[in-house]
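Have a look at the structure below, then the notes.
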């Protein structure tokens with residue numbers, strides 16, 4: 001077993017360098033394809049984070065009547081919080097509502113006119129974040145029946161629009177990623193197949209002198225794995241070098257988003273390594289199949 | 001032409017090991033057959049009939065010429081023997097094993113009992129003579145310690161020790177073919193199958209190769225050689241099996257290339 005492994009590995013190494021031009025072409029193709037794939041993956045991850053953020057913005061706001069007692073408010077808050085569709089309920093008091101209004105005005109550079117008001121006209125409210133943005137209907141109905149609820153802000157249109165757009169973008173992104181994945185698979189398998197066809201004579205001789213399938217297959221599979229790993233390493237090197245400037249760009253662009261470069265980097269690293277290795281092995285396995293004993 | 005015209009002795013025995021029937025073979029009796037073809041027909045998927053009802057017994061230590069015009073079925077016969085193709089009908093027994101019933105993973109083991117030599121040598125250009133011969137052992141999982149001595153022995157037998165580190169393109173055609181023969185021998189096969197081994201060589205070198213095969217045969221290795229070389233066949237008076245249109249037309253010991261009379 002050990003000598004078989006040593007044989008396969010050393011033969012994989014030898015033939016990789018004896019056919020250096022072909023092997024490097026396969027590696028370059030692999031690298032380009034992995035770059036393409038990881039590039040789209042990163043864009044897709046940014047998009048998804050953005051979509052999550054936008055969906056989080058979909059919340060149901062219920063204005064409360066001014067004469068609602070604290071215990072009635074607490075009871076309502078508890079009742080809504082117990083609903084499975086609800087992620088979080090925040091109570092915004094009249095004072096907080098006024099502060100927010102003042103802060104918004106200040107941010108817009110408008111004069112603060114509230115000191116001229118005799119009383120605070122803003123209602124207290126419950127802000128309810130939903131687990132799924134399309135569940136707003138159930139929560140709205142539950143709120144409407146309560147006597148201390150003055151009105152529920154109508155968010156039906158907004159919620160529907162946001163979910164339509166985000167669903168579309170998610171599906172389109174996934175479909176695009178799948179298409180690119182299939183193209184990458186196709187190109188890499190073909191490149192490796194070319195390398196295998198270049199050694200058809202050698203495989204033929206191996207067959208004729210009575211080499212078992214394993215002896216024919218594994219050197220090529222290891223070679224495919226080498227191409228995959230080398231391609232993955234090159235890809236990660238390029239991505240690593242580009243991460244810093246790219247990170248700044250992304251940060252500027254997605255400033256508002258709760259997106260972490262670290263988490264994406266780990267995902268991309270695994271994606272690139274796994275895809276490279278998998279494609280190399282799969283490509284070699286499929287390519288050499290045709291030459292084995294029928 | 002049907003099987004009726006064949007001499008009786010080649011109505012091959014149903015059981016290869018039955019000595020009473022083998023005794024009727026003109027070959028030294030009691031020798032165990034390396035190869036038995038029993039009523040073998042091969043029809044390709046496109047409907048072409050390459051072989052029809054072929055019976056052939058090759059005992060151990062025999063030297064057999066396989067002759068016949070192109071398209072007579074020589075190549076198909078060779079392919080059946082190494083199980084590159086399977087017979088449509090009949091059985092092919094190699095060293096007592098029915099090739100059609102052989103499980104897939106046993107095929108490589110049986111192929112190691114056969115040494116194959118081609119007209120175009122089929123050497124690897126990136127490897128030296130020694131590496132080409134060693135390759136046959138390496139890819140069949142032979143221990144490293146056993147490869148070296150076996151390769152030296154095979155090279156000495158074909159007289160190539162001096163050229164061990166040369167690459168095929170540095171060798172003459174005869175030397176390349178001797179390398180191929182050494183590679184075929186290095187497994188200690190039961191039978192050497194040579195498909196037109198002198199087809200690319202001039203007459204003098206051809207005789208060298210034939211003499212080498214004869215010497216190997218004297219060491220006890222069975223040899224089956226397909227050839228167009230009438231001069232060689234007629235001069236040597238060995239067993240000659242003539243194929244024509246997929247039928248065995250003639251099977252005689254001491255035969256000439258062409259039918260007598």
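The table below lists the values:
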| quantity | calculated |
| --- | --- |
| Fraction in percent of alpha-carbon pairs per bin - 10 Å, chain B | 7, 30, 36, 21, 6, 0 |
| Exposure proxy order (Cβ contacts within 10 Å, fewest to most) of A:205, A:192 | A:205, A:192 |
| Inter-centroid distance (Cα atoms) of segment B:111-142 relative to segment A:151-203, Å | 46 Å |
| Helix-only [θ]222 nm of chain B, DSSP H runs n ≥ 4, -39500 (n - 2.57) each, per residue, nearest 500 | -8500 deg cm²/dmol |
| Segment A:1-42 and segment B:34-96: distance between their alpha carbon centers, rounded to Å | 42 Å |
| Ranking of B:175, B:252, B:60, A:223 by count of other Cβ atoms within 10 Å, fewest first | B:252, B:60, B:175, A:223 |
| Approximate spin-label separation residue B:167-residue A:292, in nm, with each point projected 7 Å along Cα-to-Cβ | 3.3 nm |
| Residue exposure sequence - A:29, A:290 - by fewest surrounding Cβ within 10 Å | A:290, A:29 |
| Label-point separation in nm, residue A:75 to residue B:236, each point 7 Å along Cα→Cβ | 11.1 nm |
| Nearest 10 degrees, 0 to 90: helix A:261-289 Cα axis against chain A principal axis | 30 degrees |
| Cα convex hull volume per residue for the protein assembly as shown (Å³) | 228 Å³ |
| With Cα atoms, 0 to 90° folded angle of helix A:2-18 axis to chain A main axis | 90 degrees |
| Per-pair calculated FRET efficiency, R0 = 35 Å: residue A:238 and residue B:125 via Cβ, rounded to 0.05 | 0.45 |
| Between 0 and 90°, nearest 10: helix B:203-218 axis offset from chain B longest Cα axis | 80 degrees |
| Proportion of all alpha-carbon pairs of segment A:174-218 beyond 15 Å (%) | 58 percent |
| CD proxy at 222 nm, helix term only [per DSSP H run n ≥ 4: -39500 (n - 2.57); per residue of chain A; nearest 500] | -25000 deg cm²/dmol |
| Percentage, to the nearest whole number, of Cα pairs in segment A:28-91 over 13 Å apart | 75 percent |
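Quick note: the coordinates plus some simple rules give every number you see, no bench work behind them. Because the structure is predicted, anything quoted here is derived from the model rather than measured. Cβ atoms come from the backbone with ideal geometry, glycine included; neighbour counts cover every protein chain shown.
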